[in-house]
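I have placed the structure first, in the form of structure tokens, so that the comments after it can refer back to it.
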Amino acid sequence: MRSRRIRFALLGFFILVAFATSLFAWNVYGRYGALVAAQSDVQSRLEATSAAVDDIGSAQQAYVIAPAELDREWLGRMSALIQTVHDEAAALIPMSRSPGAEDALQTIADSAAALTRVDARARQVLRSGRSTVGSDLVAESRDIVDSILVELRNLRFAETASFEAARAATLQRVWMLFGGIVGLLGAGLVLFV
């Protein structure tokens with residue numbers, strides 16, 4: 001291929017392809033950054049929710065050990081922890097990517113609501129001095145706490161798997177783009193010679 005026009009046309013085409021490729025790569029890089037940021041946010045919210053649920057479990061121990069020493073501050077903290085679990089579950093619904101995450105988060109929110117009801121009954125019973133009935137209610141609420149922790153752990157694994165699949169798909173696009181560019185440039189070099 002000795003014609004100057006064809007060479008300049010090919011050069012222009014390759015420059016156009018390089019420009020389009022750089023735009024595509026920039027777009028993929030932006031998506032990848034958003035994906036990593038979203039994964040970090042979801043994981044940190046799941047960790048915060050798990051920590052709040054763990055604190056609820058510890059607070060329930062205090063109900064049984066020293067029911068006479070329950071004060072307003074501690075009871076308020078318990079209510080705040082349960083509200084935190086409920087709020088975080090609601091906030092995670094639009095952010096989650098895994099299949100079934102919405103159902104799991106709704107289950108967690110419902111369990112937090114059930115925990116509020118059981119906690120209120122346990123407080124009343126323990127204040128009235130019936131510690132054995134109160135202990136039974138605390139044990140019931142402990143079962144709810146354990147089920148929330150199981151749901152959170154399963155959700156954390158599902159979200160990690162979902163984010164890893166999205167990350168792999170993004171990287172696959174990058175490698176496909178790279179392979180296409182190398183093939184196109186190789187074909188161009190053959191045509192130039």
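The values are calculated or read from the model by the stated rules, or taken from the named source; none is laboratory data. What you see is a predicted model; the values in this text were computed from it and never measured. Every residue, glycine as well, gets a Cβ built from its backbone with ideal geometry; the counts of neighbours run over all protein chains shown. We work out accessible area using only protein heavy atoms, side chains counted, and drop any ligands, DNA or RNA first. Shrake-Rupley method; radii C 1.70, N 1.55, O 1.52, S 1.80 Å.
Only one entry in 143, 136 is modelled with pLDDT under 80 and either part of a helix (DSSP H, G or I) or surrounded by 17 or more Cβ atoms within 10 Å (Cβ to Cβ) (or both), namely 136. Inside region 1-57, residues that are among the β-branched types (Val, Ile, Thr) and under 26 Å from residue 104 (Cβ atoms) make up a count of 5.
For every residue, the table says whether it meets (1) hydroxyl-bearing (Ser, Thr, Tyr); (2) open to solvent by less than 40 Å² (accessible area, probe 1.4 Å); (3) assigned to a helix (DSSP H, G or I).
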site	(1), (2), (3)
89	no, yes, yes
95	no, no, no
110	no, no, yes
116	yes, no, yes
120	no, no, yes
125	no, yes, yes
172	no, no, yes
185	no, no, yes
188	no, yes, yes
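Where residues in region 17-34 are polar (S, T, N, Q) and either touching a Cys at 6+ places or on another chain (Cβ under 7 Å) or modelled with pLDDT under 85 (or both), which of them is most open to solvent (accessible area, probe 1.4 Å)? By that ranking, first place goes to 22. Restricted to region 35-59, and to residues there that are free of Cβ contacts under 8 Å to residues at least 24 places away in the same chain and closer than 26 Å to residue 120 by Cβ, the residue that is least open to solvent (accessible area, probe 1.4 Å) is 59.
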